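Notes for the one structure printed next.
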Amino acid sequence: MATASFPITLAAIVEREPRVGELLEDARQLEDADWEDYSWYKSILSRFMGWGAPADADPLLGSSEAYMVAIDALVEALGL
């Protein structure tokens with residue numbers, strides 16, 4: 001797993017993997033989201049971020065720092 005040498009922003013993640021932005025936008029549309037919704041969205045997010053990032057993905061997407069930024073954004077998008 002890569003370690004980033006600079007602060008990672010959500011914009012940098014979405015630039016490299018637009019599906020993250022789409023997923024977060026979808027999550028924002030939910031009303032009364034709960035932790036079950038979080039678990040579902042997290043499982044999808046994990047397919048292209050962190051340990052689940054494809055081998056040919058941008059190395060930033062595989063970093064634990066980027067994964068945490070994306071997870072924090074997911075929690076915020078769901079209003080949890």
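Numbers below:
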read-out	value
Selection count where residues are of a type in the set (Asp, Glu) and either buried (at least 16 other Cβ atoms within 10 Å of the Cβ) or in contact with a helix residue (DSSP H, G or I) (Cβ under 6 Å, 6 or more places away or on another chain) (or both), scope region 9-34	1
Single match in Asp37, Asp56 (criterion: modelled with pLDDT of 95 or more and either surrounded by 11 or more Cβ atoms within 10 Å (Cβ to Cβ) or not small (Gly, Ala, Ser) (or both))	Asp37
Residues of region 20-66 that turn out to be assigned to a loop (DSSP other than H, G, I, E, B), touching a Leu at 6+ places or on another chain (Cβ under 6 Å) and farther than 13 Å from Ala77 by Cα, as a count	2
Within region 35-77, tally of residues that are in contact (Cβ under 8 Å) with a residue 40 or more places away in the chain and more than 22 Å from Pro7 (Cα to Cα)	3
Which numbered condition Asp72 misses (of (1) surrounded by 13 or more Cβ atoms within 10 Å (Cβ to Cβ); (2) within 12 Å of the chain's Cα centre (by Cα))	(1)
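The values are calculated or read from the model by the stated rules, or taken from the named source; none is laboratory data. This is a predicted model, so every value here is computed, not measured. All Cβ positions, glycine included, derive from the backbone under ideal geometry; neighbour counts span all protein chains shown.
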